[in-house]
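Enquirer: Quick one: this structure, given as structure tokens, is what I'll be asking you about.
No lab work stands behind these numbers, since they all come straight from the coordinates. Keep in mind that this is a model prediction, so the values were computed, not measured. We place every Cβ from the backbone using ideal geometry, glycine too, and count neighbours over all the protein chains shown.
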């Protein structure tokens, strides 16, 4: 399955403020911690609250006025029908306007808050990437950023203001009912309270079901993303039937979680409806008893019945809103966990200016992804400005780890790495990205044109600078033959280009940044021999004045370096020119097969 394309990350350091999970592994208070997101949109929130309150009070007022009119008609008391009809018409107009306005402002509030929350999620991903995302599936991150955030629309649009309004209406209805017949709230109010308690009693089940629904949704989404990204491999290896069966199993798993959640929600609804029925019957019996004993004026009986509904209606609304709390809390937990994830590196409190020089120095660097399992053990070497150093060694000896530390995806556990004499930990991230740029072996291109992808690290570059970088990286050699030239779309993940073409775009992108330090992670691995030679010659010119670190396996790449630094078991075991080391172990053993072909070849 596809995960984010990252190296393993170190164990995340404790931030000292993360909430401790409960017995079920949940982070307490995640939903509450997201509520302050409304603070930045207080005007829209108060407008939502006012519109909802006006609509609810107007609805209650119209019902009470209608009941009063009915009571007057039953008792034969004279009634100004024209006036009452006009007032009722006005209340209906108010209800319609308030409902429309509440729907508008509540959703405007919700979508504004969700936009802010989604940006916070993106910022969190940026803050902890790439080391802090190790092992996380890209589809799962997509679910958090899209589906989980979207789920909270119900919270911000339909829950918070409605709960506050329901409390006000319930309180007003209770006081009004008590003024007509004290026995009415005495009977109805306890049952109304019990209605609101039902979701609380089933909260543990709601949380468990909500967590399962969100987890199953995330798993299925991640698998769908993996399937789409791996369609070529699945087709080539005849694995589509197995993958479809896997997706069908994921769908069934989600269906089971949703059915369990729906069954619990149905039970809540049934209990709430039953309590509503009991409370309604109880209210009618109180009214009938009041009229029969003379305690209640018959003309007020319809009003008393309506007021009983005014007390029960908000209670039922609160219960129905709380019924969604399990799924909301589950989505909030997943979002909150990402927002609170500690960054693998700490930004400097007082960053130093970016260095003018490009010397890179690894000074007794130690590092391990897991405790007790070091990857680098006292690595030291220096790359002087304008020098090209090939970092070589067998797979797993720490070459890529050196690159990740130089790019500050993580910090050394001991020792330090300096650029121009400045410790990387003292550089602001923006200065570091302007100082060090990389051409990875596995190139990822974003949707857009070739020019858009070259401009990724320097969007304000002029067309002249763009064409110069494209020419140096041999991009123009194939782009000039395309109908739209550099404006040709690259397709999703660069699928419209070959591997070699994507590599050249990546080289052009790095050159355009004009960073003084260039890292090439086997950048010519996907190129044919002729293109490799042309690009290598171009890079020779581009490396002038640049400090260049090359992760190298190919003999042709190693031979072009000014020096070769060889790693083995996380240590530097050789450091010198290729000519000095070519016949010495361990480099000779590592390159035995290639040397047999190139031993008598002239040096380029």
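Enquirer: Given the -39500 (n - 2.57) contribution per DSSP H run of 4+ residues, what per-residue ellipticity at 222 nm results for the chain, rounded to the nearest 500 deg cm²/dmol?
Expert: Numbers: 23 runs with 346 residues, N = 604.
So the helix-based figure for the chain works out to -19000 deg cm²/dmol.
Enquirer: Now for a different question. With everything on Cα atoms, drop me the angle between helix 160-180 and the longest principal axis of the chain, reported from 0 to 90° to the nearest 10.
Expert: With rounding to tens, the tilt is 10 degrees.
Enquirer: Rg and Dmax in Å for the stretch 116-180, alpha carbons only: what are they?
Expert: Final numbers for Rg and Dmax: 20.6, 67 Å.
Enquirer: Which order do peptides 562-571, 66-75 fall in by mean Cβ count within 10 Å, highest first? Walk me through the numbers on the way to the answer.
Expert: Working: 562-571: 19.7, 66-75: 16.5.
Highest mean packing first, the order is 562-571, 66-75.
Enquirer: Let me check the size of the stretch 174-260 from its C-alpha atoms; what are the radius of gyration and Dmax in Å?
Expert: Calculated on Cα positions, Rg and Dmax stand at 24.6, 79 Å.
Enquirer: For a quick protection proxy, order the peptides 255-267, 193-205 by their average other-Cβ count within 10 Å, most packed first.
Expert: Working: 255-267: 14.9, 193-205: 16.6.
Order by mean packing, descending: 193-205, 255-267.
Enquirer: Still on this structure, please answer the following. Quick one: order 94, 281 by neighbouring beta-carbon count within 10 Å, fewest to most.
Expert: On the way: 94 17, 281 10.
Final ranking by Cβ density, sparse to dense: 281, 94.
Enquirer: Pairs of Cα atoms under 8 Å, at least six residues apart: use those to get the relative contact order of the stretch 30-339, whole percent.
Expert: On the way: 354 pairs, mean separation 102.9, N = 310.
The value is 33 percent.
Enquirer: For the stretch 378-428, just say rounded, prolate or oblate: build the C-alpha gyration tensor, square-root its eigenvalues into a ≥ b ≥ c, call rounded for a/c under 1.5, and beyond that prolate if a/b exceeds b/c, oblate if not.
Expert: Because a/c hits 1.5 or more and a/b fails to exceed b/c, the stretch 378-428 counts as oblate.
Enquirer: Could you work out how far helix 42-75 tilts from the main Cα principal axis of the chain, as a 0 to 90 degree angle to the nearest 10?
Expert: 20 degrees
Enquirer: On to the next question. Which angle between 0 and 90 degrees, to the nearest 10, do you get for helix 463-472 versus the longest principal axis of the chain when only C-alpha atoms count?
Expert: 50 degrees
Enquirer: In nm, give the distance between the simple-model label positions of residue 228 and residue 179, each being 7 Å from the Cα along the Cα-to-Cβ direction.
Expert: Taking the two extended label points, one gets 5.9 nm.
Enquirer: Give the value in nm², to one decimal: projected area of the alpha carbon convex hull of the stretch 243-384, averaged over all directions.
Expert: Approximately 21.1 nm², given one-decimal rounding.
Enquirer: Would you kindly calculate the translational diffusion coefficient of the stretch 329-437, applying Stokes-Einstein with the Kirkwood radius from alpha carbon pairs, for 20 °C and a viscosity of 1.002 mPa s, and quote it in µm² s⁻¹ without decimals?
Expert: Taking Rh from Cα pairs, D becomes 139 µm²/s.
Enquirer: Over the stretch 30-339, with a single point scatterer placed on each C-alpha, what log10 of the ratio I(q)/I(0) does the Debye formula yield at q = 0.08 1/Å?
Expert: Computed log10 I(q)/I(0) values: -0.51.
Enquirer: While we're on this one: Against the globular-protein guess of 2.2 N^0.38 Å, express the Cα radius of gyration of the chain as a ratio, rounded to two decimals.
Expert: Numbers: Rg = 34.3 Å, N = 604, 2.2 N^0.38 = 25.1 Å.
That works out to 1.37 for the chain.
Enquirer: While we're looking at this one, here's another question. Find the relative contact order for the chain and round it to a whole percent, using C-alpha pairs within less than 8 Å whose residues are 6+ positions apart. Intermediate results must be reported in sequence, preceding the final value.
Expert: Numbers: 928 pairs, mean separation 92.4, N = 604.
Taking the mean separation of contacting Cα pairs over the length of the chain, I get 15 percent.
Enquirer: Where both partners of a DSSP beta bridge lie in the chain, what percent of those bridges are antiparallel, to the nearest 5? Provide the component values of the computation, followed by the final result.
Expert: Values: 20 of 38 bridges.
The answer is about 55 percent antiparallel.
Enquirer: Run the quick spin-label model on residue 150 and residue 116: label points 7 Å from Cα toward the beta carbon, then report their separation in nm to one decimal.
Expert: That separation, rounded to one decimal, is 2.2 nm.
Enquirer: So between residue 167 and residue 126, what do we pick up on full extension, going 0.36 nm a residue minus the alpha carbon distance? If you can, show how the numbers build up before the last one.
Expert: Numbers: separation 41, 0.36 × 41 = 14.76 nm, distance 4.09 nm.
Fully extending the segment from residue 167 to residue 126 adds 10.7 nm.
Enquirer: Continuing with the same structure: Subtracting the Cα-Cα distance from 0.36 nm times the residue separation, let me have the gained length for residue 247 to residue 108 in nm, one decimal.
Expert: Net length gain for the segment: 46.5 nm.
Enquirer: Can I ask one more? Could you check the spin-label model distance between residue 289 and residue 492? Points 7 Å from the Cα along Cα→Cβ, value in nm.
Expert: A separation of 6.8 nm, rounded to one decimal place.
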